[in-house]
Amino acid sequence: MEIIKIIGVGFITLIVTIILKEYRKELAIYPVLIGGAIILAFSFGIFENIINFVNDISKSSTVNNDFIKILLKITGISILLEYAVSICKDSGESAIANKIDLGGKVILVSMSIPIISTTINALTQLLP
């Protein structure tokens with residue numbers, strides 16, 4: 001099971017980070033980055049299954065495939081954004097984390113404009 005691997009890597013990363021913080025605080029960010037990358041690699045394998053499932057559903061439905069692609073991109077960016085913000089906060093750089101978070105939110109809103117526009121157009125056609 002993937003969750004066991006993810007939790008295991010997380011705990012090992014935690015232990016190594018705690019030990020390094022006691023002796024060499026400046027090196028403590030490296031196991032966090034490596035452990036996080038390994039966890040992301042496990043997660044991307046699962047995410048690929050989700051993408052395939054959504055693609056199969058979209059092929060059999062009348063939903064615009066471009067919207068599904070946009071939603072999948074937004075989801076992927078949100079996951080990566082949360083990862084980057086967490087890494088910055090873990091290393092004590094909350095100011096940078098806030099800037100990354102703000103920039104990511106702006107990108108997400110800009111990516112969702114086609115969906116918002118289509119939804120508003122559909123609603124205005126339905127309303128008298």
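The values are calculated or read from the model by the stated rules, or taken from the named source; none is laboratory data. Computed from a predicted structure; not experimentally measured. So basically every Cβ, Gly included, is an ideal-geometry build from the backbone, and we count neighbours across all protein chains shown. Calculation scope for accessible area: heavy atoms of the full protein, side chains included, ligands and nucleic acids excluded. Shrake-Rupley method; radii C 1.70, N 1.55, O 1.52, S 1.80 Å.
Checking the condition open to solvent by 50 Å² or more (accessible area, probe 1.4 Å), over 22 Å from I29 (Cα atoms) and assigned to a loop (DSSP other than H, G, I, E, B), which residue from V106, V63 passes?
V63
If I57 satisfies all but one of (1) surrounded by 10 or more Cβ atoms within 10 Å (Cβ to Cβ); (2) farther than 30 Å from T119 by Cβ, what's the number of the condition it fails?
All conditions are met except number (2).
S94 fails exactly one of the following numbered conditions: (1) out of contact with any Leu (no Cβ under 9 Å at 6 or more places or on another chain); (2) open to solvent by 80 Å² or more (accessible area, probe 1.4 Å). What is the number of that condition?
Against the list (1) out of contact with any Leu (no Cβ under 9 Å at 6 or more places or on another chain); (2) open to solvent by 80 Å² or more (accessible area, probe 1.4 Å), S94 comes up short only on (2).
Yes or no: A28 surrounded by 15 or more Cβ atoms within 10 Å (Cβ to Cβ) and in contact with a Ser or Thr (Cβ under 6 Å, 6 or more places away or on another chain)?
Criteria met by A28.
Could you count how many residues in region 11-55 are free of Cβ contacts under 8 Å to residues at least 40 places away in the same chain, over 26 Å from L72 (Cα atoms), part of a helix (DSSP H, G or I) and not acidic (D, E)?
Count: 16.
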